[in-house]
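Every read-out reported here was derived from the displayed coordinates using simple, explicitly stated rules and does not represent laboratory data. Quick caveat, the model's predicted, so the values are computed rather than measured. Positions of Cβ are backbone-derived with ideal geometry, glycine not excepted, and every protein chain shown enters the neighbour counts.
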Amino acid sequence: MRLLRLKSALLAVSALLPAAALAQTGISAAESSAPVWPQPVRAAKSAPNILLIMTDDVGFGASSAFGGPIPTATFDALAREGLRYNRFHTTAICSPTRASLLTGRNPQAVGMGYVANWATGYEGYNSAIPKSAAALPALLRAGGYSTAMFGKSHITPEWEMSASGPFDRWPTGLGFDYFYGFLGADSSAFEPSLVENTRPAHPDVNRPGYHLESDLADHAIAWIAEQKANTPDRPFFAYYATGAAHAPNHAPAAWLAKFKGRFDKGWDALRDEIFAREKALGTIPADTQAPPRPATLPAWDSLKPDQQRLYARYMEAYAASLAYADDQVGRVIQSLKDNGTYDNTLIIYIQGDNGASAEGSFDGKLYEQSPLSGVKEDLARSIAHIGDIGGRNAYNLYPGGWGWALNAPFQWSKRYGSHFGGLRNGMVVAWPHHIADAGAIRSQFLHVSDIMPTLLDVAGIVAPDVFNGVPQQSITGISARYTLDQPAAPSRRTTQVFAMAENLSLYKDGWVAATKPMVTPWERTPPPRVAVENRQWELYNIDKDFSEAHDLASAEPARLERMKATFWAEAAKAKILPIHSPDGGQKGRPDPSAGRTSFTYTMPITDIAESAAPPTVGHSFTISAELTTGNGVIAAQGGRFGGYSFYLDHGRPVFAYNLTPANMTRIAATKTIGAGAHRLEMRFTLDKEAATSGGNVTLLLDGAPVGGGRIPRTFAQVISHTEGFDIGQDTISPVDPSYSVASSRFTGTLRAVTVKIGG
């Protein structure tokens, strides 16, 4: 071996040697002239293209493929060509499911025990995916794949989301060659806050027909075509994570019209209809029994006509958003057929990253931001704005009763890691020439962490023990490839632990032990928190009781105690402990702005992430600008559904504070500013330095007051969970509807803008 290395070294330098010296090495001229190039990694010849699709907040009983009321033609077509899985499980909420999907581990094992924007300082919940859990795209790329992601990410720590990074836990840092989508929990489909790779992207949202779902499809189609044009023999992995049907349920007007009147019967009738269709389709066993409606959820017939009209409209928008998103997925799949790659593409389509949501509680929300801002919506105003639902001027979230209906036949909903209403989602797998019984149903017990090992399996890639020099955690996912050609094979997963928002459960050998939820989504007054050790547990034999309708805790107390003990053992291994409220453990969170009280900007700059913006929530603050006369925005944070803006309107200084569109305060100066250079200032002094406190605004021109007013209430938690901080323009959507994004660009000169925090 040493002689071979020596000969290789001599060959490398032989081209530099004179002929006489070359002769002395004993290497012939023919040998020395043969160049050796490093070769790119090539995927296995049998490796298929992979298209992994995931929607958002979709219940088991929502899509038509599983018996639901919402037509999902693309999902249905794939189900006819492939397989439907009726015992596939997520984690009950967004970020943990997505992290588990991409890492092949339980979510707490990779730090994603709750949503990334509500992380806590415990190892299983800090939202920082470790390098010891190399993600699926990185392993596929190392195995010769091209990789790209489109849509919702929601797995990057908030304090790493600014333009300064670090970018290790952005999609491109996790192994995607290309990313086009959004980093947070959700975004407007008409005015989305987008990123392309690591830079903000601003599509032309004013072009006719713009919608985020069609934009994502356009980018996915173009990327796949480009990959195949440049490297036709290299397989691709495309992760298509549409934001539908998470709030806001936005859809084109023509699609909203398709569902007008379709849900006027209400959620009780809808759930009954879904349940009957599920049995007829065979997506649930014929002997399944339906749990009763929760006592705290009002019966549809008990509602007033105006409530029914409003709530039905919310559901129409939800259905339209999901159906339209599925239609756009269809365009991507059609492009595969058009370019000849479909026959060698494995498609996994997961309908929902958790169960349907009940976060809209009793009345739904015209603006999802209302509870984040600490305000209660007025039902009469929502009814008056019913025409906005589903469109650009609303950020709507349906009432929780619809979530209960769409999770049929199961109990509970998103956030409930204890019951299948939050955990079980429909999945379809299609792979031309690899499925003998097309259209069949598979009932093996699967978990979202099984997706990664399944895809590595079909790609012919073995997960390494060490990746990029870092020893790797064990992958807890189990390849489900065996289910493709073994319909009667027993489940290889015999145990799975679940924990979400203090709702706990354990699956083991056909049984489930689960904590009874402390609070339902429809509690008028939430009960006090019950200590974990005092929670009531339920027990279900899910091999005989598909829907968890019959609690056997009192009939089999010994079994329940054994399963509880197993839960705690598995929870410790999975880094689920300590069980705690998402509200706890946030003190000391990393903060790019920690200790800063003064922020100065010497040129226009946009899209500064909230984590790097001046921290004004709960604080008095001052904005001062050295400028020459012009019009437009000096500084703004947030957008149409929440934020503030300091701007000049035809030379008149204005400060707008948009708590929500229903709670807008606009304070204008009593005079316009003259031509030339000036110092303009806005002082906002809170009554007390605390979130939600009201306060007084003073506008000053060259040190002299020129206007003022009062803002009765301020933000409770965040300014905007979707839009950032801007200097010299208000991007994405306008804080104040009196101007547009285009007209917001400041026309004068901003020499310096300073924001100071504190009284």
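A few comments on the model shown:
- Using the Cβ-Cβ distance between Arg199 and Val617 with R0 set to 45 Å, the FRET efficiency works out to roughly 0.95.
- Extension gain, Trp568 back to Gln289 (0.36 nm per residue minus Cα-Cα distance, nm): 97.4 nm
- Cross-link pairs beyond the 22 Å C-alpha cut-off, checked among Lys508/Lys544; Lys304/Lys414; Lys152/Lys265; Lys131/Lys575; Lys414/Lys573; Lys516/Lys564: Lys304/Lys414; Lys152/Lys265; Lys414/Lys573
- A full extension of the chain between Ala752 and Glu556 corresponds to an added length of 63.4 nm, given 0.36 nm per residue minus the alpha carbon distance.
- Whether region 598-757 is rounded, prolate or oblate, judged on the alpha carbon gyration tensor where a/c under 1.5 counts as rounded: rounded
- Spin-label model, Thr685 to Ala257: label points 7 Å out along the Cα-to-beta-carbon direction sit 5.6 nm apart.
- Panel note: the C-alpha atoms of region 49-491, placed on their principal axes, show extents of 62, 52, 47 Å (largest first).
- For region 364-471, taking the reciprocal of the average inverse distance between every pair of different Cα atoms yields a Kirkwood hydrodynamic radius of 18.7 Å.
- Per-residue ellipticity at 222 nm, computed for the chain from helices alone with -39500 (n - 2.57) per DSSP H run of at least four residues, works out to -7000 deg cm²/dmol.
- FRET efficiency, Ala440 to Lys337 (Cβ-Cβ, R0 25 Å, nearest 0.05): 0.65
- Residues Asp591 and Asn696, FRET efficiency given R0 of 35 Å [Cβ-Cβ distance, rounded to 0.05]: 0.80
- Projected label distance in nm at Ser738 and Met518, using a 7 Å step from Cα toward the beta-carbon: 4.5
- Spacing of the two label points (7 Å from each Cα toward its C-beta) at Thr525 and Arg309, in nm: 3.3
- Ratio of Rg to Rh for region 433-480: 1.09 [Cα atoms; Kirkwood radius as inverse mean 1/r over pairs].
- Over all pairs of different C-alpha atoms, the chain has a mean inverse distance whose reciprocal, the Kirkwood radius, equals 27.7 Å.
- Cα gyration tensor, region 194-238 - rounded (a/c under 1.5), prolate or oblate: prolate
- Whole-Hz couplings from phi, Karplus 6.51/-1.76/1.60, listed for region 423-439; x for Gly and Pro: 10, 9, 10, x, 9, 10, 10, 10, 8, x, 6, 10, 10, 7, 10, 3, x
- All Cα-Cα separations within region 173-221 were binned at 10 Å from zero, giving a P(r) of 24, 58, 17, 1, each value a whole percent of the pairs.
- Compared with the direct C-alpha span, the chain from Ala704 to Thr670 gains 11.1 nm at full extension, assuming 0.36 nm per residue.
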